[in-house]
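Participant: Can you keep this structure in mind? I'll have questions shortly.
Only the coordinates and a few stated rules stand behind these numbers; no lab work does. Just so it is clear, the structure is predicted and the values come from calculations on it, not from any experiment. Reconstructed Cβ throughout: ideal geometry from the backbone, glycine too, with neighbour counts over all protein chains shown.
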Amino acid sequence: MHSFRYVDGSLKCEGVDLNTLASEVGTPAYVYSSETIRSNYRRLDLALSPLGDRMICYAMKANGNLSVLNLLAKEGAGFDIVSGGELFKVLKAGGRADRCTFAGVGKTAGEIDYALRQGIYSFNVESEEELEMINAVAAKAGLIAPIAVRVNPDVDAPTHKYISTGKSKNKFGIGLDRAAAVYERAASLPHLKIRGLQTHIGSQILKAPPFAEAVGKLTPLVLELKAKHGLEFFSIGGGVGIVYHGALSSGDSAWWKGSDENGVETKVERLAPEAYAAEVIEPLRALGLRILFEPGRFIVGNAGVLLTSVLYRKSTPTKNFVIVDAGMNDLIRPALYEGYHEIEPLLQPPSEQLEKVDVVGPVCESGDFFAQDREMPVLAPGDRVALMSSGAYGFVMSSTYNARPLLPEILVEGETSTLVRERQSWEDLIRGERLP
């Protein structure tokens, strides 16, 4: 599932030695594996191939680097976007608007107009008022807007509350009980074309049954809409999770060796694309529609690492701290919802001695941590580590909090590494600001 492994004691990304790379570009820095991204996309596409008419729309909110987008566009991917800026980036990266779905609960009139004029494949409509707005913008432009209503099936997917989207209490979509009426309203608006139905139950889901449950709950409505409104596609969104624990123990088994939240070695399940496809292919194929999928994290999550260097060690009567040069502004997942990332030394330590430490950053917040009470190899100032599985929701959620410049991004292809985003300078931090 990824191309990071130790070779002769050094952690490599494909054929590139990460410790050498860290010396060249400095730390902190993000590194992505082209091979892993392609492999994940192709494996999912192959697993879904019995469906025939299908489109995988990569959810670019997971990682929006132009080179990543270009790589996936060359693979034939479509894109799931959530802003006008994301569509702009897709087009700059060589993608096509007519292979993009536009999601999000707060699309502006300007974004809608831009997407319409670029030839968007479909707007995923999240509310009845948005339906009216899209019709009004399309009327003003003299165009017809293709739409799909995002229907909330009220499925309780086992995931973190911040990334659950399929329950009635979430802000996303329109309830199953209201969906038919909303489609009737859409059919009455002259500048809308009903193209599909979309759903998405959440992110980082590691079991297949919730996806099958959502398909089952929506199938009667999909068939009704197909007969009444000529539905063309059904999108079941994304949400297939990845393994964060035991990130270097990947393979084709159904589980990876890792640790639970208490540090106890355990079996960590992962949802293989073949298992996911086995649950949903038959009920989807029976619909006789084009089927859309919108994966993000699954494609890029395990394809990226964040390289960081140890600055200091610090001990108190109750804690041992390892302070690194990356911070919560660079990777916010641990601070935002206690997201777990394996932390691996770039050079395997000569001793197997472990110590319990907190790995923390330099940002002035107590929430600035990457691990708490984690059993780790003994690290010294100057040592470098990789925060594994940082390819999704890493750089894209970063900020310049504490006036810390945005990090560089490096894309690896075999034995070649390319700087695909420069590190910001201090001058970049104030670009565009003016004194009164």
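Participant: Taking +1 at the Cβ of each Lys and Arg and -1 at the Cβ of each Asp and Glu, which of P381, S417, P349 sits farthest along the dipole of the stretch 303-429 towards its positive end, judged by Cα position relative to the Cα centre?
Facilitator: P381
Participant: Can you compute the charge dipole magnitude of the chain about its Cα centre, using +1 on each Lys and Arg Cβ and -1 on each Asp and Glu Cβ, nothing else charged? Give it in debye, rounded to the nearest 20.
Facilitator: Charge dipole, the chain, about its Cα centre: 1080 debye, nearest 20.
Participant: Could you tell me which of rounded, prolate or oblate describes the stretch 1-65, using a ≥ b ≥ c as the square roots of the eigenvalues of the alpha-carbon gyration tensor, with rounded for a/c under 1.5 and, failing that, prolate when a/b is larger than b/c and oblate otherwise?
Facilitator: Oblate shape, in that a/c is at least 1.5 and b/c is the bigger or equal ratio.
Participant: Rounded to the nearest 500, what is the 222 nm mean residue ellipticity of the chain from helices alone, with -39500 (n - 2.57) per DSSP H run of 4+ residues and division by all residues?
Facilitator: The per-residue figure over the chain is -8500 deg cm²/dmol.
Participant: Moving on to the next point. Which of K92, K61, K193 ends up with the largest GNM mean-square fluctuation for the chain, with Cα atoms connected below 10 Å?
Facilitator: K92
Participant: Of P317, L331, L307, whose Cα points farthest to the positive end of the dipole of the stretch 303-429 (charges on the beta-carbon: +1 Lys, Arg; -1 Asp, Glu; origin at the Cα centre)?
Facilitator: Checking the options against the dipole of the stretch 303-429, the answer is P317.
Participant: Moving on to the next point. Indicate the gyration tensor shape class of the chain (rounded, prolate or oblate), computed on the Cα atoms with a ≥ b ≥ c the square roots of the eigenvalues: a/c under 1.5 is rounded; otherwise a/b larger than b/c is prolate and the rest oblate.
Facilitator: It comes out prolate by the Cα gyration axes.
Participant: A further question follows. Please name whichever of L292, A93, L271 sits farthest to the positive end of the charge dipole of the stretch 34-300, dipole taken about the Cα centre and charges placed at Cβ: Lys and Arg +1, Asp and Glu -1.
Facilitator: Going by the Cα projections, it comes out as A93.
Participant: Below 8 Å between Cα atoms, with a sequence gap of 6+, how large is the relative contact order for the chain in percent?
Facilitator: Taking the mean separation of contacting Cα pairs over the length of the chain, I get 19 percent.
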